[in-house]
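Since the structure comes first, as structure tokens, the remarks are kept for the end.
The values are calculated or read from the model by the stated rules, or taken from the named source; none is laboratory data. Predicted, not measured: the structure shown is a model, and the values here were computed from it. Glycine also receives a Cβ, built like all others from the backbone with ideal geometry; neighbour counts cover every protein chain displayed. Quick note on the areas: whole protein, heavy atoms, side chains included, nothing else; ligands and nucleic acids left out. Shrake-Rupley method; radii C 1.70, N 1.55, O 1.52, S 1.80 Å.
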Amino acid sequence: KSPANHQRGIETVGGMLYLTTERLIFESHTLNFQTGETIISISEITRLRKNWTKLLGVIPIFPNTLVVTSGSGHEDKFVLFRRTPWINEINKLREALN
């Protein structure tokens, strides 16, 4: 688990990101406008990539975003530190499913 922010439209929602053997789970803090969970099955993940956090969605300011793409093409963007270990662990779980 790790503290993280989830980009939901124009809001950056603070919370915790968890990795289980079957799911990637984001749970928001209660102090956000948008609250709740985002659950992504490991089997649904088709791509992981690193990206930049962008000011106003345009100006790159820091390379700490993990973009998770699902089979439907939907992208979830999580801002967190130490993205590489997250990518490595998720990829291990994806490989174990194949």
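Going through the stretch 10-38 one residue at a time, which ones are open to solvent by less than 90 Å² (accessible area, probe 1.4 Å), of a type outside the set (S, T, N, Q) and without any contact (Cβ under 8 Å) to a residue 24 or more places away in the chain?
Correct list: GLU11, VAL13, GLY14, GLY15, MET16, TYR18, ILE25, GLU27, GLY36.
In the stretch 43-58, is there at least one residue being open to solvent by 70 Å² or more (accessible area, probe 1.4 Å), of a type in the set (Ser, Thr, Tyr) and in contact with a strand residue (DSSP E or B) (Cβ under 8 Å, 6 or more places away or on another chain)?
Taking every residue of the stretch 43-58 in turn, at least one turns out to be open to solvent by 70 Å² or more (accessible area, probe 1.4 Å), of a type in the set (Ser, Thr, Tyr) and in contact with a strand residue (DSSP E or B) (Cβ under 8 Å, 6 or more places away or on another chain).
Being open to solvent by less than 80 Å² (accessible area, probe 1.4 Å) and closer than 19 Å to GLU37 by Cβ is the filter here, so list the residues in the stretch 74-92 that pass it.
Of everything in the stretch 74-92, those that are open to solvent by less than 80 Å² (accessible area, probe 1.4 Å) and closer than 19 Å to GLU37 by Cβ turn out to be GLU75, ASP76, LYS77, PHE78, VAL79, LEU80, TRP86, ILE90.
Taking PRO63 as the residue in question, decide whether it is open to solvent by 30 Å² or more (accessible area, probe 1.4 Å) and in contact with a Phe, Trp or Tyr (Cβ under 7 Å, 6 or more places away or on another chain). I'd like the intermediate steps shown before the answer.
Details: open to solvent by 30 Å² or more (accessible area, probe 1.4 Å): yes; in contact with a Phe, Trp or Tyr (Cβ under 7 Å, 6 or more places away or on another chain): yes.
So PRO63 passes the test.
Quick one: PRO85 ticks every box in (1) free of Cβ contacts under 8 Å to residues at least 40 places away in the same chain; (2) over 19 Å from GLY14 (Cα atoms); (3) within 10 Å of the chain's Cα centre (by Cα) except a single one, so which number is it?
Status for PRO85: all satisfied but (3).
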